[in-house]
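Notes follow the structure.
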Amino acid sequence: KLVACVIGSGIGGLASALRLAARGYSVTVLEKSGEPGGKVAQYNEAGYRFDMGPSLFTLPYLVDELFGLFGRRRADYLKVITLPMTGNYFFSDGLNLKAWSNKEQFLNEVEKTGVNRGKMERYLAKQSFLYEHAADVFLFKSIHKLSTYTSAAGRKGMKALHRMDAFTSMHQRNVKSFGDSRLVQLFDRYATYNGSDPYRAPATLNMIAHLEHNTGAYFPEDGLFGIITAIKRLADEVGVRFYFNTEVTGLVTKGCRVTGVKTRDSVYPADLVVNNTDITLFYRDIMPNARMYRKLMKRERSSSALIFYWGVRTTSALDVHNILFSADYKAEFEGLFKTKELADDLTVYIFISKKAVAADAPDGCENWFVMVNAPENVGQDWEEEVLKARRIVLQKIKSALDFSIEPLIESERVITPQDIECRTGSVNGALYGHSSNSRLSAFKRHPNFSRQYKNLFFTGGSVHPGGGIPLCLASARIVDGLIGAGK
Ligand code: FAD
């Protein structure tokens, strides 16, 4: 049997390990930390369970596919529910708009803003068109291979290129589409789904809204970490071998091939290697290449996050995903990408998995994951920033929801971009690798293959097509396609 080594057990690494096992490789996964999942993590404390990283889950069929590779059903490992509401939005002028998954119900809500439902229907239909034409070529194939553009998917994508809205920003397009500042803010927010800035990111990215509004928002019955538990169980069953607390320190190469993976005390021979670690750090720590490292460091990274995990003694009227918007969204993004400091008013995201998973908090209590977007870690005083964020968040909850949460908090943990950087090995704590703030970002992202070594591939959020669970799963699918095609 040929031997494959996967470096890192983030979601992209796990998906690649499974795909390689399905191809008949004997697969070894080497993971620096003590458990699988990387940024998809959880912790338990005093009867509360918190998903620490991702909270939003779309395109579950990409997870289903992994089970299908072995003739199994995802439902036998992981139950997934469809959320009735994709987001519960609170605007600074007092409007509460519930984004129901049911289109008719959502359109009724939209009418509260005075915007005609036809406008929204046309907008969502356009995003669906963009996704249908762009996804196959730009998300599920290597955009760094000429053959992609001559394939059927490539030709379909190219035909619709002039409609891709690449020359205007997400924000400009949303202003033109709705006029109403609240709907503009709601749809601008989708830029944050890959850590970008709606005032600069191309309007092509408005298609992210299509995923939640047209295809649905989902939730695993055991929380987001349930995805990792299920995939890991499958990997164990099909014979993937895991080595935890095992940091890869280098590669062994011969000519244009990698022949092994080095750790501090061993060498793991390999016929093929898939790297799932942050690509910038890969060129610093695993395959040192000062030129590549500098080049990747120069590129703008995505935003990070500052998160409070609060166990609270209350049963609120909130939903799973709740967003309390700031009054000045532009100032927030300037803070995130230009001045690299928190703005004076912040949009607050409150995720309560207890609303979907009863066991996630004791009776009469809820697990609040309270997050604000934060700039990457460039050495800010995070103790100060945490105090500032806490003050703003508590005030925002009071003004938007009309109650004080502070006296109800019985357990608290906070993580900053610096903590995210230390725990997950992502440069400066960026959540989604490089940002998508320019038209060329997609093309500048690192390819899924090495130009130097024929049997070295890359998966995960810091390479094409980018960060977020669905795109990491897409990157594993692309790597699989490249291996299958012998490239
Ligand atoms: P990573 O998760 O980056 O894992 C890489 C793995 O490699 C780690 O386990 C690390 O320990 C290991 N490693 C590093 N160096 C070495 C080495 N030298 N040797 C061995 N192993 C090594 N996405 C969504 O889809 N929805 C969301 O709602 C969402 N919210 C997020 C919120 C937060 C707070 C965070 C942090 C992320 C969020 N994301 C979200 C993004 C998503 O979590 C990531 O894009 C995705 O999980 C990244 O997966 P990955 O495959 O790139 O691997």
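For segment 168-205, the set of residues classified as of a type in the set (S, T, N, Q), under 23 Å from the mean Cα position of the chain (by Cα) and more than 17 Å from ARG301 (Cβ to Cβ) consists of SER169, ASN174, GLN185, THR204, listed by residue number. Annotation: PRO36 fulfils all but one of (1) open to solvent by 50 Å² or more (accessible area, probe 1.4 Å); (2) in the same structural domain as LEU20 (by TED's automatic domain parsing); the unmet one is (1). Within segment 113-138, the set of residues being in a helix (DSSP H, G or I) and among the polar types (S, T, N, Q) comprises THR113, GLN127, SER128.
Looking across segment 437-466 at every residue that is open to solvent by 10 Å² or more (accessible area, probe 1.4 Å) and among the small types (Gly, Ala, Ser), the one that is farthest from the ligand (Cβ to nearest atom) is identified as SER438. Would you say GLY87 is in contact with a His (Cβ under 6 Å, 6 or more places away or on another chain) and over 17 Å from CYS472 (Cα atoms)? Answer is yes for this residue. LYS141 falls short of the stated requirement of being in a helix (DSSP H, G or I), of a type in the set (Lys, Arg) and closer than 24 Å to ASP480 by Cβ.
Across segment 96-112, which residue is nearest to ILE208 (Cα to Cα) among those that are open to solvent by less than 30 Å² (accessible area, probe 1.4 Å) and not in a helix (DSSP H, G or I)?
The residue in question is ALA99.
Summed over segment 311-359, residues that are within 15 Å of the ligand (Cβ to nearest atom) and either in contact with a Ser or Thr (Cβ under 9 Å, 6 or more places away or on another chain) or open to solvent by less than 10 Å² (accessible area, probe 1.4 Å) (or both) total 12.
Exactly one residue out of ILE279, ILE227 is surrounded by 15 or more Cβ atoms within 10 Å (Cβ to Cβ) and more than 26 Å from PRO375 (Cα to Cα), and it is ILE227. So, restricting to strands (runs of 3 or more DSSP E) that lie completely within segment 263-326, which ones have at least 2 residues that are more than 25 Å from ARG241 (Cβ to Cβ)? Counting at least 2 such residues, we get 304-312, 321-324.
Residues that are more than 16 Å from the chain's Cα centre (by Cα), of a type in the set (Ser, Thr, Tyr) and more than 10 Å from the ligand (Cβ to nearest atom) within segment 206-251 comprise THR215, THR229, listed in sequence order. With respect to the conditions (1) surrounded by 14 or more Cβ atoms within 10 Å (Cβ to Cβ); (2) not in a loop (DSSP other than H, G, I, E, B), ALA75 falls short on a single one, namely (1). For the residues LEU83, LEU62, the requirement of being under 19 Å from the mean Cα position of the chain (by Cα) and away from the ligand (no atom under 11 Å from the Cβ) singles out LEU83. Taking the conditions exactly as written (under 18 Å from TYR199 (Cα atoms), part of a helix (DSSP H, G or I) and either outside the structural domain of VAL184 (by TED's automatic domain parsing) or of a type in the set (A, V, I, L, M) (or both)), does GLU334 satisfy them or not? Considered against the rule, which asks whether it is under 18 Å from TYR199 (Cα atoms), part of a helix (DSSP H, G or I) and either outside the structural domain of VAL184 (by TED's automatic domain parsing) or of a type in the set (A, V, I, L, M) (or both), GLU334 comes out as yes.
Restricting attention to segment 255-274, the residues being acidic (Asp, Glu) and either surrounded by fewer than 16 Cβ atoms within 10 Å (Cβ to Cβ) or more than 23 Å from ALA476 (Cβ to Cβ) (or both) number 1.
Which residues, counting only those in segment 2-32, are on the phi > 0 side of the Ramachandran plot and touching a residue at least 24 places away in the same chain (Cβ under 8 Å)? Answer for segment 2-32, where residues must be on the phi > 0 side of the Ramachandran plot and touching a residue at least 24 places away in the same chain (Cβ under 8 Å): just GLY8.
The values are calculated or read from the model by the stated rules, or taken from the named source; none is laboratory data. Note that this is a predicted model, so its numbers are computed, not measured. Quick reminder, even Gly has a Cβ in these numbers, built from the backbone with ideal geometry, and neighbours come from all protein chains shown. Keep in mind that these areas ignore ligands, DNA and RNA; they rest on the heavy atoms of the full protein, side chains included. Shrake-Rupley method; radii C 1.70, N 1.55, O 1.52, S 1.80 Å.
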